[in-house]
Amino acid sequence: MSAVTPDLTPDAAPSAPSVAPTASATAGATRPAADAAATAAHASTRPHDPYAEQAPAPGIRFLHHLNPLAKFAAPLPVMLALIFTRGLAIPTAFIVLALALLVVGARLSGRALAVLLLGVPVAIAVLGLSFGLWVDPERISGGGAAASVVIFEIGDWQFTLAAYLTGLATALRIAALLMLSLIAGLTTSGPELVRALVQNLRVPYRIGYTALAALRFVPRFGHELEVIRAAHRVRGTDAGRGPIAAVRRTIGTAIPLLASAIRHAERVALAMDARAFGAHPTRTERTISRWRVRDTVFVIAFWAVSVAIYWWALQAGLGGVTSDRTEVGL
């Protein structure tokens, strides 16, 4: 109270003006902070749109600055070759290569990085064990010393090291395909991919941008579903427990969600018609997707490294390439 009450004594007069601006300055400084907090809280409650424009990435995250088609074209031949590849070394090498590219060149959150570095090896080990359980023991009887190493047995059935290695090879191929696909998947947004397809591959823009508009419905529907469920909770709607109650809850949310989807689709269609979407065979672009020299360099370098990996593994006898889908490939 004394800090804001004016003091009328002559000695205290000069100090009064210094008190009032301090209070107002404090209030002025508090207001932007409160506005920023309110904006951050509002932003945190908004639905995440994975197809929205992304903030520019730092220069060291070079994968974000490449043309999306380059990130698809580079690993595509390797992914096709991995389908016919046997052995452990080649898929492992491509997992390490893809992981190194993502760690260095992609802008990843701590959670995504932990999943890649810790979750992928655990998933490979579990998948290898799962696939190994389904391996026919008679087909790996010639698997060398590994076929005679019994890890565990149940009755007459034995789970050998050869069976585990066979399952592990399959798991590594699947993981390698997944990691190679993440090079483009984690560093390319939906609008970037559509722009590259329309401008570089000459995909009709009516198809590309319409598909993009349809994909952007997905996060919106997720938000609408949360709103409908919250409204049901506020009204005290209780369908009970059990499978029948689950069906009732699904029907109770599906109908209003369908109505909301129809309304949103009509609004989007009207907006596209109002902008003369599809009236002309071509359209202007606000953002140009160019194929640059660095895209060509990335594709050629990736292919060169891939050929070197295959040449090294085949020369060392650490893997093989065959079209026989029934070959175990230890």
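The values are calculated or read from the model by the stated rules, or taken from the named source; none is laboratory data. Everything numeric here is computed off the predicted structure, so don't read it as measured data. As a convention, Cβ positions derive from the backbone with ideal geometry for all residues, glycine included, and neighbour counts pool all protein chains shown. What goes into the accessible areas is simple: the full protein's heavy atoms, side chains included, and nothing from ligands, DNA or RNA. Shrake-Rupley method; radii C 1.70, N 1.55, O 1.52, S 1.80 Å.
Numbers for the structure displayed
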{"read-out": "Condition broken by residue 225, with the remaining ones in (1) surrounded by fewer than 14 Cβ atoms within 10 Å (Cβ to Cβ); (2) part of a helix (DSSP H, G or I) satisfied", "value": "(1)"}
{"read-out": "Criterion: β-branched (Val, Ile, Thr), touching a Lys or Arg at 6+ places or on another chain (Cβ under 7 Å) and open to solvent by less than 100 Å² (accessible area, probe 1.4 Å) - qualifying residue of 287, 296", "value": "287"}
{"read-out": "Candidates 265, 269, 259, 254 - the one that is touching a residue at least 40 places away in the same chain (Cβ under 8 Å), surrounded by fewer than 14 Cβ atoms within 10 Å (Cβ to Cβ) and in a helix (DSSP H, G or I)", "value": "265"}
{"read-out": "Residue match in region 185-200 (condition: modelled with pLDDT of 85 or more, basic (Lys, Arg) and open to solvent by 60 Å² or more (accessible area, probe 1.4 Å))", "value": "no"}
{"read-out": "First in region 159-178 and more than 19 Å from residue 93 (Cα to Cα) and at pLDDT below 95, second anywhere and among the β-branched types (Val, Ile, Thr) and in a helix (DSSP H, G or I), Cβ under 9 Å, 6 or more apart", "value": "160/140; 162/140; 163/140"}
{"read-out": "Flag for residue 59 being modelled with pLDDT of 90 or more, touching a His at 6+ places or on another chain (Cβ under 9 Å) and farther than 16 Å from residue 303 by Cα", "value": "no"}
{"read-out": "Number of the exception - residue 242 against (1) free of Cβ contacts under 8 Å to residues at least 60 places away in the same chain; (2) over 29 Å from the mean Cα position of the chain (by Cα); (3) surrounded by 13 or more Cβ atoms within 10 Å (Cβ to Cβ); (4) farther than 30 Å from residue 93 by Cβ", "value": "(3)"}
{"read-out": "Counted residues, region 101-124 - those being free of Cβ contacts under 8 Å to residues at least 40 places away in the same chain and part of a loop (DSSP other than H, G, I, E, B)", "value": "1"}
{"read-out": "Checking residue 276 against (1) under 29 Å from the mean Cα position of the chain (by Cα); (2) exposed (fewer than 10 other Cβ atoms within 10 Å of the Cβ), the condition it does not meet", "value": "(1)"}
{"read-out": "Top-ranked residue in region 154-184 [being part of a helix (DSSP H, G or I), open to solvent by less than 50 Å² (accessible area, probe 1.4 Å) and β-branched (Val, Ile, Thr); ranked as farthest from residue 140 (Cα to Cα)]", "value": "183"}
{"read-out": "Hits in region 54-106 (condition: within 18 Å of the chain's Cα centre (by Cα), crowded, with 20+ Cβ neighbours inside 10 Å, hydrophobic (A, V, I, L, M, F, W, C) and within 18 Å of residue 308 (Cβ to Cβ))", "value": "95, 98, 101"}
